[in-house]
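Written out below as structure tokens is the structure these notes cover.
The values are calculated or read from the model by the stated rules, or taken from the named source; none is laboratory data. Just so it is clear, the model here is predicted, and its values are computed rather than measured. Cβ coordinates were reconstructed from backbone atoms using ideal geometry, including for glycine residues, and neighbour counts include every protein chain displayed.
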Amino acid sequence: MIEISHLSKDYGGKAALSDVSFTVQPGQVTGFLGPNGAGKSTTMRILMGLETASSGTATIMGRPLAQHPAPLRTAGALLDARSLHPARKARTSLLALADSNGLPAQRVDEVLELTGLGAVADKRSGGFSLGMGQRLGIAAALLGDPQVLLFDEPVNGLDPEGVTWVRRLCRDLASQGRTVLISSHLMSEMAQTADRVVVIGRGRILADASLEEFTSRLGENHVLVGASDTTALGNALHAGGADVRRLDANRLDVRGFDAAHVGRVAFETQVMLSELTQVKTSLEDAYLRLTAAEVEYRSGVQTPQPQEVLR
């Protein structure tokens, strides 16, 4: 288990973390989400003993990682895929880690095969692609067969097969009762991987909830409707209290009613439907709504909104 309690970190007077508290439970995958500069990597580095907190505590299985007799057997982390020496062969780098932590050399070959690097084990990691470097970093994290795993952007540079493999790996590790914390900007991938999400923005915790709770609380479910007479149906739905937006001449976006209710109104209005789709809020939509005011670097392109609101 990971426990973060009232964690704060300042860099030259600038607060990177401000009174951050959350717990990551074993047996599930927790997504650690937030904009660039939100404090995700800083939190993970403090957990792994690579940074010192200004105040508060960050413990793994009840104590700071440095106090565990065999840290690599307790927690494994992918924080920087390029951290291993580029001039060393992949197997050599892992053998050095294994030897320094009292791990058998056999485990090196096991994780190389598990991560798909068996065929390039004797090549220098400096020549690896970004995706291969990610796999080597994951192999290093798994080397001690730890109970706690921290992955910072683990699918960067991976092809679709690799992304799917990481997703399955994380789910399998959690199913074994391990604690898995993943930082990622890929909301669609997190929606398929995480059981729970912790969202941080400008060094403060914005949300800590199950995936379903998060999307339900911040979401706004709606219904897409294709109709033979959008004006008549739209007016009837609006009169009943729905928020109705015209998408085009034949389609409406209805908020405030579920699909069954929209269908009943269409029947009563004698309007024929060609589409009736209940749309649930995605993790990405909920995340963007929550973090809209927390983004430090914002692009100039804004997401277009439906143009016409029926009154």
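So here's what we get for this one:
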quantity: Pair list, Cβ under 6 Å, 6 or more apart: region 142-170 residue closer than 20 Å to ARG73 by Cα, other residue of a type in the set (Ser, Thr, Tyr); calculated: PRO146/THR74; VAL148/THR179; ASP152/SER41; ASP152/SER183; CYS170/THR193
quantity: Filtered residues of region 25-82 (kept if among the polar types (S, T, N, Q) and under 20 Å from ASP208 (Cα atoms)); calculated: GLN25, GLN28, THR30, ASN36, SER41, THR42, THR43, THR57, THR59
quantity: Pairs, first over 15 Å from ASP145 (Cα atoms) and buried (at least 17 other Cβ atoms within 10 Å of the Cβ) in region 67-95, second of a type in the set (Lys, Arg) and at pLDDT 95 or above, C-beta under 7 Å, six or more apart; calculated: LEU79/ARG45
quantity: Residue list for region 122-136, filter: surrounded by 18 or more Cβ atoms within 10 Å (Cβ to Cβ) and either over 25 Å from the mean Cα position of the chain (by Cα) or outside any helix (DSSP H, G or I) (or both); calculated: SER125, PHE128
quantity: Among the candidates LEU130, LEU136, residue that is closer than 20 Å to ALA90 by Cα and touching a Gly at 6+ places or on another chain (Cβ under 6 Å); calculated: LEU130
quantity: Unmet criterion (only one of (1) of a type in the set (Asp, Glu); (2) closer than 20 Å to PRO35 by Cα; (3) in a loop (DSSP other than H, G, I, E, B)) for GLU189; calculated: (3)
quantity: From SER18, SER41, SER54, SER8, residue being within 21 Å of HIS185 (Cα to Cα), surrounded by 15 or more Cβ atoms within 10 Å (Cβ to Cβ) and either small (Gly, Ala, Ser) or touching a Phe, Trp or Tyr at 6+ places or on another chain (Cβ under 9 Å) (or both); calculated: SER41
quantity: Elements of type strands (runs of 3 or more DSSP E) in region 194-286, at least 2 residues being touching a residue at least 40 places away in the same chain (Cβ under 8 Å) and either surrounded by fewer than 21 Cβ atoms within 10 Å (Cβ to Cβ) or in the same structural domain as ALA174 (by TED's automatic domain parsing) (or both); calculated: 196-201, 204-210, 222-227, 243-248, 273-279
quantity: Qualifying residues in region 257-275 (those that are hydrophobic (A, V, I, L, M, F, W, C), touching a strand residue (DSSP E or B) at 6+ places or on another chain (Cβ under 6 Å) and under 15 Å from HIS222 (Cα atoms)) - the one modelled with the lowest pLDDT; calculated: ALA259
quantity: First in region 119-139 and within 19 Å of LEU72 (Cα to Cα), second anywhere and of a type in the set (S, T, N, Q) and assigned to a helix (DSSP H, G or I), Cβ under 8 Å, 6 or more apart; calculated: LEU136/SER93; LEU136/SER125
